[in-house]
Amino acid sequence: MQEIQVSFRSGDLRLEGLLASPGANAPAAVVCHPHPAYGGSMDNNVVDAILLAMWQAGYATLRFNFRGVGASEGEHDAGPGEVDDAVAAMAFLLAQPGVRKEGAVMAGYSFGAMVAVSAGYARAEIARIVAVALPLAMADARIPDGASKPVLLVSGDRDSYSPVAGLKTLRSKIGDSARLEIVAGADHFFGGHEAELSRAIAAALAI
C-alpha cells in the first residue's frame with residue numbers, strides 16, 4: 001500500500017504522519033508507536049506488521065509520530081498528551097475522503113498499545129482496539145468498568161514486558177469482548193515473527 005506524508009493538528013501542535021487508503025468506503029485504523037524514550041517512532045517493524053494486517057483487511061491507515069518525535073512538534077508527555085495525539089489522528093483520518101465513519105480501529109504497540117487502549121475506550125467513534133505487547137509489567141491498563149468494546153490483545157510468549165499470565169487476567173476482567181492471541185517464540189520486539197503477528201491480527205479482524 002502506498003503511503004503519503006501528511007500533517008495534522010493535535011491542540012496547538014502539528015504532528016507528522018503517513019496516510020494510506022485503498023479507496024472508497026474503507027474503515028479507518030490509526031496505529032500508535034512504542035515509547036519515544038527508547039527510540040520508538042512510527043518507523044518500526046511492529047508498526048509495519050500491524051499496518052500490513054490492516055491493509056490486508058482493507059483498512060485506510062494513519063501511522064504518526066507522537067509529540068516530540070521526528071518532525072512532530074512538542075515534547076513527550078508520558079501518556080496524556082499522547083492520548084490526545086491519537087484521538088486527533090483518528091479525527092484527521094475519519095475526515096479523509098473515502099474513509100468510512102463506522103468500524104474504526106485504534107491500534108498500538110507497547111507504549112502505543114497503552115495509548116490505544118486509553119483513547120479507544122474514551123472515544124465513541126472508535127469501534128475496536130488492537131493492543132500489541134501491552135506492557136502490563138510497566139503499568140496498569142486503564143479499562144473502564146463495564147467495558148464492552150471489542151479489544152484484541154496480542155503478545156509473544158517470551159515477552160517479559162507483556163506477560164501472558166497478566167494478559168489472561170486482563171482478558172478475564174474485560175470479558176467476552178476481549179480476544180487474546182499469543183505468537184509462539186516471540187519476545188517484546190517480535191524480531192523474525194513479524195509475519196506471524198500480521199497473520200494473527202488479520203485473522204482476528206476477519207471475525
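The values are calculated or read from the model by the stated rules, or taken from the named source; none is laboratory data. Keep in mind it's a predicted model, so treat the numbers as computed, not measured. Glycine also receives a Cβ, built like all others from the backbone with ideal geometry; neighbour counts cover every protein chain displayed. Protein only, heavy atoms only, side chains kept; ligands, DNA and RNA dropped before computing areas. Shrake-Rupley method; radii C 1.70, N 1.55, O 1.52, S 1.80 Å.
Using a 1.4 Å probe and counting only protein heavy atoms, arrange 128, 9, 142 so the residue with the most accessible area comes first. Present the calculation step by step, with values, prior to reporting the outcome.
Values: 128 50, 9 115, 142 190 Å².
Per-residue accessible area, sorted high to low, gives 142, 9, 128.
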*With θ set to phi - 60°, apply the Karplus curve 6.51 cos²θ - 1.76 cosθ + 1.60 along region 145-155 and write out the HN-Hα couplings as whole Hz, x wherever there is a Gly or Pro.*
4, x, 4, 10, 6, x, 9, 9, 9, 10, 8
*By average C-beta atoms within 10 angstrom, highest first, the peptides 132-139, 90-97*: 132-139, 90-97
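Mean 1/r over all different Cα pairs, inverted: what Kirkwood radius does region 5-98 give, in Å?
13.2 Å
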*Any chance you could give the angle, 0 to 90 degrees and rounded to 10, that helix 45-56 forms with the longest Cα principal axis of the chain?*
80 degrees
*Taking residue 168 as the anchor, which aspartates and glutamates have their alpha carbon closer than 18 Å to its alpha carbon, excluding any fewer than eight residues away along the same chain?*
140, 145, 157, 159, 176, 181, 187
*Label-to-label distance, nm, for residues given as residue 101 and residue 12 (7 Å Cα→Cβ offset)*: 3.2 nm
*Length-normalised contact order for the chain - Cα pairs under 8 Å, 6+ apart - percent*: 19 percent
*Please report the relative contact order for region 114-207, taking Cα pairs under 8 Å with a sequence separation of at least 6, and give it as a percent rounded to a whole number.*
24 percent
*Provide the per-residue ³J(HN,Hα) series for region 191-198, in order, calculated from phi with Karplus coefficients 6.51, -1.76, 1.60 and θ = phi - 60°, each as a whole number of Hz, with x at glycine and proline positions.*
x, x, 10, 4, 5, 5, 4, 4
_residue 168 paired with residue 138, simple spin-label distance in nm, labels 7 Å along Cα-to-beta-carbon_ = 2.4 nm
*Mind checking which of 148, 184, 118 is farthest towards the positive end of the chain's charge dipole, using Cβ charges of +1 (Lys, Arg) and -1 (Asp, Glu) about the Cα centre?*
148
*Expressed in nm², what is the orientationally averaged projection area of the convex hull enclosing the Cα positions of the chain?*
10.1 nm²
*asked:* At a threshold of 8 angstrom on Cα-Cα distance, excluding pairs fewer than six apart, so keeping six or more, what relative contact order does region 26-95 reach in percent?
replied: 35 percent
*Using 7 Å Cα-to-Cβ label points, what is the residue 78/residue 91 separation (nm, one decimal)?*
2.5 nm
*In degrees, nearest 10, range 0 to 90: what is the angle between the Cα axis of helix 111-122 and the longest Cα principal axis of the chain?*
80 degrees
*Highest mean first, what order results for 15-25, 53-63 on Cβ atoms within 10 Å?*
53-63, 15-25
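Take each of the peptides 181-189, 110-118, average the number of other beta-carbon atoms within 10 Å over its residues, and list them starting from the highest. Don't jump to the answer; show the numbers that get you there.
On the way: 181-189: 17.0, 110-118: 27.1.
Output ranking for 181-189, 110-118: 110-118, 181-189.
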*Net charge near residue 187: determine it from the other residues with C-beta under 12 Å of the C-beta of residue 187, scoring Lys and Arg +1 and Asp and Glu -1.*
-1
*Per residue, in Å², the accessible surface of region 159-207 once ligands and nucleic acids are set aside, probe 1.4 Å*: 51 Å²
*Take the alpha carbon atoms of region 152-186, find their center, do the same for region 37-56, and report the distance between the two centers in whole angstrom.*
19 Å
_Largest-first ellipsoid semi-axes for region 114-207, taking √(5λ) over the Cα gyration tensor eigenvalues, angstrom_ = 21, 15, 11
